[in-house]
Amino acid sequence: MPKSCRAPHCSNAAGQSRPPARRLSFYKFPLQDAARLRQWLAHMRQENWVPTRHQHLCSDHFEPSCFQYRWGVRYLRPDAVPTIF
């Protein structure tokens, strides 16, 4: 099953064509970090929802400062919280 974004009103999915400058990536919810998960859900306005390990948010919901680059690969910072909805 292809990855798709779980954010409300977001229809981004893996495999969609986009310009290279708007590269899309997907990130799992921090299920093992309860405090950070609460922050993610609060920003999404989904406090009463419990994500599964198979659900993701796309990179469109994170500020550029939430990413770090190593060897040309974009990674989500360990303390990143999505803020764009």
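Counting trypsin sites (Lys or Arg not before Pro) as exposed when in a DSSP loop with at most 14 other beta carbons within 10 Å, what is the longest stretch of the chain free of them?
Details: sites that count: 23, 45, 53.
With a cap of 14 other Cβ atoms within 10 Å, the longest stretch comes to 54-85.
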- If Lys and Arg each add +1 and Asp and Glu each add -1, what is the summed charge of the other residues whose beta carbon sits under 11 Å from the beta carbon of residue 56? +4
- Return the carbon/sulfur percentage of the accessible area of the chain, one whole number, probe 1.4 Å, all protein chains in place. 53 percent
- Query: Does anyone have the angle between helix 34-44 and the longest principal axis of the chain? Alpha-carbon axes, 0 to 90°, nearest 10?
  - Reply: 70 degrees
- Skip the ligands, DNA and RNA, and give the accessible area per residue of region 1-51 with a 1.4 Å probe, whole Å². 74 Å²
- Item | Estimated dipole of the chain in Debye, rounded to 20 [Cβ of Lys and Arg +1, of Asp and Glu -1, Cα centre] | 260 debye
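What does the charge count near residue 35 come to, summing +1 for each Lys or Arg and -1 for each Asp or Glu among other residues with Cβ under 14 Å from its Cβ?
Details: positive: 36, 38; negative: 33, 47, 79.
It works out to a net charge of -1.
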- Would you work out the relative contact order for the chain, in percent, from Cα pairs under 8 angstrom that are 6 or more residues apart? 31 percent
- Item | Charge dipole of the chain about the Cα centre (unit charges at C-beta), most positive-ward option of 80, 12, 44 | 12
- Message: Taking only Cα atoms of the chain, what ratio of Rg to Rh do you get with Rh as the Kirkwood inverse-distance radius?
- Response: 0.94
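Quick one: net charge of residue 85's neighbours, Cβ under 10 Å, K/R +1, D/E -1?
0
The values are calculated or read from the model by the stated rules, or taken from the named source; none is laboratory data. A quick note: this is a predicted structure, and the numbers were derived from the prediction, not measured. A quick note on method: Cβ atoms are made from the backbone with ideal geometry, for glycine too, and the neighbour counts reach across all protein chains shown. For the accessible areas, the whole protein counts, side chains as well, though only heavy atoms, and no ligand, DNA or RNA atoms are used. Shrake-Rupley method; radii C 1.70, N 1.55, O 1.52, S 1.80 Å.
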